[in-house]
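Single-structure report; data block below.
We did not get these values from a lab; they are worked out from the coordinates using the rules stated. Values in this document were obtained by computation on a predicted structure and should not be read as measured data. Every residue, glycine as well, gets a Cβ built from its backbone with ideal geometry; the counts of neighbours run over all protein chains shown.
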Amino acid sequence: MGTHLILVGLLSICSLSFGQDCNQQLLENVDFPGNDITSLFSPDVEHCQQLCTQHSSCNFFTFVRADWNKDDRNFFCYIKASPNGQPTVQAPLQGVTSGFSLKPCSQDLEPCLSTVYQNVDFTGADYRALFTADYEECQRACTQDTACQFFTLLDKAFTSFGNRYRFKCNLKFSWPVPRIPVVEKKAGVTSGFSQIPRISQQSMCQGKLFPNTDIPGNDIENIPAASAEHCQALCSAHSVCTYFSFASNNFNCYMKKNNEEMVTQAKDGVTSGLPARFCQLDNAWVQVVYENVDFPGSDIRFEPMDDADTCQRTCTQDAFCQFYSYTNNNFGDPNYRRRCYLKRTITMPAPPKVTKVANVVSGFQLRNCNSKTTV
């Protein structure tokens, strides 16, 4: 956990202490210079505000709009934080809009993103393509495909490469489930997940695991996981993962893609397996408490707490919390023992890049919108 986690925790708790008021105001042509944590891409200011809200440390943001003309930073969403939760400076600047995190407000953590963007490309993250008559049909295809989070349609006027790509609907993926940035062994730390159940219309099933077995090669992504079962859940959520291998010594989850063959070999300390596509995996792995394992970073806040069980319950009761780490009485620095660090990562649809391109239409899946209109 170390100094990094402690500093992030201090920043987070200070932000909550001084920035409790719900402020939904958007300030057009106003910049909040400095205080940057990171930058992400967004198609509009409302999406940028949702990214700020879901980011563990973000207090406020500045969005560079499509009409910005000083350089090519259109659609940049600058995620920002300060010790008191407020911008250090506000300055007039044409082409940007600034605002605040909605964490203190009553917000929807799975927002309906119904806006469609003309002449805007969500570049990258493609996993499937088909031809559709219009963007409405492309959006329906994205909505019905559970792996799809957003799309870009090359419309009937798109002629950049001749006529052969007109009406092409590109379905795109971003992670709909929390991804823990780092998993590491750390004495005196207990980590785990929120116990909030995920409602699914699919039947429950047991996943297929191959202990002490590796599936070498065909890697598409390597991300941290707390266990083989966690790795399996991540593979199941990925649009093109066909199988995986999990290395227990370093918590690496290797996602792989090969639809033609699966070659296995014996290897101690590695568990491989297959994803679940048409059923809901048994979520018993979510209930596991991981002793002497830390999930550093991504802190919302920390609170003093008597034990790890109370920390887990606190995370579960906080709808914003996805996972946690607890420093127990054996933690190295006695000044930081018995602390519960509540954590979160962004799970809303987020394109890896947004650019201006003529005669294309982009948008998001409407599953979240549809779920809010059914009784």
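Its DSSP H runs of at least 4 residues, each contributing -39,500 (n - 2.57), put the calculated 222 nm mean residue ellipticity of the chain at -5000 deg cm²/dmol, to the nearest 500.
Under the 0.36 nm per residue contour assumption, what length would be gained going from the current alpha-carbon distance of N283 and F131 to full extension?
Details: separation 152, 0.36 × 152 = 54.72 nm, distance 3.66 nm.
Length difference between fully extended and current span is 51.1 nm.
Backbone phi angles across the range 254-263, fed through the Karplus curve with coefficients 6.51, -1.76 and 1.60 (θ = phi - 60°), yield HN-Hα couplings of 9, 8, 10, 9, 6, 7, 9, 7, 9, 9 Hz in residue order; Gly and Pro are listed as x.
Quote to one decimal, in nm, the extra length available between A266 and V89 on full extension: 0.36 nm per residue of separation minus the C-alpha distance between them. Answer, rounded to one decimal: 57.8 nm.
In a reduced charge model with +1 at each Lys and Arg Cβ and -1 at each Asp and Glu Cβ, the range 184-343 shows a dipole moment near 180 debye about its Cα centre. Residues whose amide H lies under 5 Å from that of V354, counting only those 5 or more places away or on a different chain, are T123; hydrogens are built 1.01 Å from N in the peptide plane.
Across the chain, C-alpha contacts under 8 Å between residues 6 or more apart give a mean separation that, scaled by the residue count, equals a relative contact order of 24 percent. Ordering 35-42, 238-245, 347-354, 160-167 by mean Cβ neighbour count within 10 Å, with the highest value first, yields 238-245, 347-354, 35-42, 160-167. Our coupling estimate for the range 84-90, obtained by passing each phi through the Karplus curve with A = 6.51, B = -1.76, C = 1.60 and θ = phi - 60°, is 9, x, 10, x, 6, 9, 10 Hz, Gly and Pro reported as x. Amide H to amide H, with H built 1.01 Å from N, T213 comes under 5 Å of K267, V270, T271, S272, counting only residues 5 or more places away or on other chains.
Once the dipole of the chain is set up with Lys and Arg at +1 and Asp and Glu at -1 on Cβ about the Cα centre, which of Q322, V288, C138 lies farthest towards its positive end? So the residue furthest toward the plus end is C138. Label-to-label distance for N163 and N249 is 6.0 nm, based on points extended 7 Å past Cα in the beta-carbon direction.
Packing around the peptides 265-277, 184-196, taken as the average count of other Cβ atoms within 10 Å per residue, puts them in this order, highest first: 184-196, 265-277. Measuring between alpha carbons in the structure, the pairs from K70/K343; K185/K208; K80/K156; K80/K172 lying more than 30 angstrom apart are K70/K343; K80/K156.
In the range 184-343, Cα pairs under 8 Å separated by at least six residues give a relative contact order of 35 percent.
Normalised by 2.2 N^0.38 Å, where N is the number of residues, the alpha-carbon radius of gyration of the range 15-129 equals 1.07. How are the C-alpha pair distances of the range 184-343 spread across 10 Å bins, as whole percents from the shortest bin up? In order of increasing distance, the bins hold 11, 35, 31, 18, 4, 0 percent.
Enclosing the Cα atoms of the range 29-83 in their convex hull gives a volume equal to 77 cubic angstrom per residue.
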